[in-house]
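Participant: Here's a structure for you.
What follows is calculated from the coordinates using simple rules that are stated; it is not laboratory data. Since this is a predicted model, take the numbers as computed values, not measurements. Don't worry about glycine lacking a Cβ; one is built from the backbone with ideal geometry, like all the others, and counts go over all protein chains shown.
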Amino acid sequence: MIRALLAVVLAAALLSAALPAVESAAADRTASALDRDVGRIERAGASLLVDDDPGARRVVTVSLPAGSLVAAGVDSFSVRCHPDCVVRYALDTGGVRTRRLEPPLAVRDGPVQFGTPGDHRLVLGLADGDDGRVVTIRG
């Protein structure tokens, strides 16, 4: 009886010691995946500017995971362009990251925001702007 009780106490202690590391790894995994998606947005925008004529489009899919043992959930993901374009996402673990987008971008209908898990489409289009060609983003 005492051995079983000690085994349960030891298992609980080991689990409580390991859980923060698992949560941290899940947050790092989610942040890395979202950073790859942001990189794809940048590459698609740069490709439009260099290779295409106004009116061309690219579609980029951003995947927001649901919270699980291997991935942190995402509370919000947004693209804003005032004055510089940035992508900002908040993980349900409390981590918030902001990344500036390099190509000249514009969000015509206000910020693009996603807050539910799943795949979300961003449509990037090339247009003529006041200061030359600009890549527009729609959700």
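Participant: How much net charge surrounds residue 99 when only the other residues with a Cβ under 15 Å from the Cβ of residue 99 are counted, with Lys and Arg +1 and Asp and Glu -1?
Facilitator: Neighbourhood net charge equals +2.
Participant: Another question, if that's okay. Given (1) 1.14; (2) 0.95; (3) 1.21 as candidate values of Rg/Rh (Cα atoms, Kirkwood Rh), which corresponds to the one derived from the coordinates?
Facilitator: (3)
Participant: Please state the relative contact order of region 1-92 as a whole percent: Cα pairs under 8 Å, 6+ residues apart?
Facilitator: 25
Participant: Per the helix-only calculation at 222 nm, which mean residue ellipticity applies to the chain, given -39500 (n - 2.57) for every DSSP H run of n ≥ 4 and division by its residues, nearest 500 deg cm²/dmol?
Facilitator: Value at 222 nm, helices only, nearest 500: -13500 deg cm²/dmol.
Participant: Continuing with this model, one more query. Express the relative contact order of region 26-138 as a whole percentage, based on alpha carbon pairs under 8 Å and six or more residues apart in sequence.
Facilitator: With pairs under 8 Å counted, the relative contact order is 30 percent.
Participant: Kindly state, to the nearest 0.05, the FRET efficiency for residue 28 paired with residue 109, given R0 = 35 Å and r defined as their beta-carbon distance.
Facilitator: Efficiency for this residue pair is about 0.60.
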